[in-house]
Amino acid sequence: MKSIATAGTFALGDRQVTRLGYGAMQLAGPGVFGPPRDRDAALAVLREAVESGVDHIDTSDFYGPHVTNQLIREALHPYRDDLVIVTKIGAVRDEQGGWLPAMSAADLAAAVHDNLRNLRLDALDVVNLRIMFDTHGPAEGDIEAPLSALAELQSRGLVRRIGLSNVTPAQVAQGRKICDIACVQNQYNLASRADDALIDALAEDGVAYVPFFPLGGFSPLQSAELNEVAHRLQATPMQVALAWLLQRSPNILLIPGTSSAVHLRENLAAAQLVLPGDAVEALDRIGAATV
Ligand SMILES: NC(=O)c1ccc[n+]([C@@H]2O[C@H](COP(=O)([O-])OP(=O)(O)OC[C@H]3O[C@@H](n4cnc5c(N)ncnc54)[C@H](OP(=O)(O)O)[C@@H]3O)[C@@H](O)[C@H]2O)c1
């Protein structure tokens, strides 16, 4: 396979990472709950990602819970020096797999310690505070208390860099007054473009934007226009969706999720795909139609 280095790099806090990374959420069982269907296959996907040049893995201890972090540890520990593992805290799972807010200072401290133990690290590279005022999307509200609690854990050396997830632009602005914010992780893709202005503003300040659901999430993107462009470029629709994100803004870091080695190879090959101007115009119309 060709190198993913053609995707370029961008700063994630004080580290430079390749813009094509990997999201580990799909490695847990159905509904991101319980063990994987095929444990060996999950370990193999993680190893192949890193062997292919991925140096940025996104995870959380609430995937499983604990499952993806334990898989990452088993597959990759001791970690390569250039690997940046980004985790997120702010939620816990109930016994049925539901997602509950867990943003008190005690919850956040417990979550940092869970991540440290399950990843077997002394300090976490980047921790995203996942705001849970509304589980399904950003909702306004004061983030000072949980973010200050996370900043306190950073001052104790348990966390190197802090990011925000599932946040509004106002919360990003509030957060940046409280502590240095290395990255913002919100839902964004070809068809879901509410964060267009936020991405541009963060790019101006050199802050990474990491779209979750870059391929559409649990229901991968489906569009006649996307299929048409992919056919014309002899690529797959998922590769085109990733290439569109890469050309959208230099501060976008990709973390497509997959439990499949075949899909992993396909997604990483998107680093080689350069979209001509007329393809970008056609793809931009998909987002415009859904705004
Ligand atoms: N901050 C947050 O609130 C939040 C929320 C959700 C996710 N995340 C992070 O974002 C990462 C990415 O999100 P995601 O994994 O949910 O969504 P995604 O990357 O948009 O899409 C994943 C889905 O696409 C499928 N897929 C992947 N590559 C494919 C390919 N080449 N062809 C066809 N289907 C393909 C996967 O199935 P297969 O397994 O079969 O490939 C899976 O169903 C996660 O891993 C997680 O780390 C963060």
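Label separation (residue 117 vs residue 204): 4.5 nm, computed from points 7 Å beyond Cα along the C-beta direction.
In which sequence would 112, 86 go, from the one with the fewest C-beta neighbours within 10 Å to the one with the most? Walk me through the numbers on the way to the answer.
Values: 112 23, 86 30.
Final ranking by Cβ density, sparse to dense: 112, 86.
Inter-part distance, the stretch 46-76 to the stretch 22-43, computed on C-alpha centroids, equals 10 Å. With only the Cα atoms considered, the stretch 14-140 has a convex hull volume of 119 Å³ per residue. All distinct Cα pairs of the stretch 142-291 go into the 1/r average, and the inverse of that average, the Kirkwood radius, is 16.6 Å. Our summary of shape: the Cα atoms of the chain have principal axis extents of 53, 42, 37 Å, ordered from largest down, in whole angstrom.
For n ≥ 4 DSSP H runs only, could you compute -39500 (n - 2.57) per run for the chain, divide by its residues and tell me the 222 nm figure to the nearest 500? Show your work: numbers first, answer last.
On the way: 10 runs with 113 residues, N = 291.
Calculated mean residue ellipticity at 222 nm is -12000 deg cm²/dmol.
Projecting the Cα atoms of 264, 251, 286 onto the dipole axis of the stretch 166-291, where Lys and Arg carry +1 and Asp and Glu carry -1 at the beta carbon, places 264 farthest toward the positive end. Set the Cα radius of gyration of the stretch 171-230 against 2.2 N^0.38 Å, with N its number of residues, and you get 1.35. Computed from label points 7 Å out along Cα-Cβ, the spacing between residue 74 and residue 144 is 4.5 nm. A simple charge model with +1 on the Cβ of Lys and Arg, -1 on the Cβ of Asp and Glu and nothing else charged puts the dipole of the stretch 98-246 at about 440 debye relative to its Cα centre.
Taking the convex hull of the Cα atoms, report for the stretch 40-89 its projected area averaged over all directions, in nm². Can you show the working numbers first?
Details: hull surface 13.0 nm².
Over all viewing directions, the stretch 40-89 projects a mean Cα-hull area of 3.2 nm².
Using only the Cα atoms, work out Rg/Rh for the stretch 1-59, with Rh taken as the Kirkwood radius, to two decimals. Looking at the stretch 1-59, the ratio lands at 1.05.
Placing unit charges on each Cβ (+1 for Lys and Arg, -1 for Asp and Glu) gives the stretch 163-264 a dipole about its Cα centre, and among 179, 226, 238 the Cα reaching farthest toward its positive end belongs to 238. Annotation note: chymotrypsin sites (Phe, Trp or Tyr not before Pro) in the stretch 197-249 located in DSSP loop regions with a Cβ neighbour count of at most 16 within 10 Å are 218. Per the Debye formula on identical point scatterers at the alpha carbon atoms of the stretch 127-177, with no solvent, log10 I(q)/I(0) at q = 0.19, 0.30 Å⁻¹ is -0.58, -1.22. Fully extending the segment from residue 218 to residue 156 would add 18.6 nm, taking 0.36 nm per residue of separation and subtracting the current Cα-Cα distance.
Remark: relative contact order (the stretch 140-272) = 19 percent; criterion is Cα-Cα distance under 8 angstrom and separation of 6 or more residues.
State, to one decimal in nm², a quarter of the convex hull surface area for the C-alpha atoms of the stretch 82-188, i.e. the direction-averaged projected area. Mean orientational projected area (the stretch 82-188, Cα hull): 7.0 nm². Computed across the stretch 61-110, the Kirkwood radius stands at 12.3 Å (inverse of mean 1/r, all Cα pairs).
Rule-based calculations on the coordinates, nothing more; no lab input. Predicted, not measured: the structure shown is a model, and the values here were computed from it. Neighbour counts run over all protein chains shown; Cβ positions are idealised from the backbone, glycine included.
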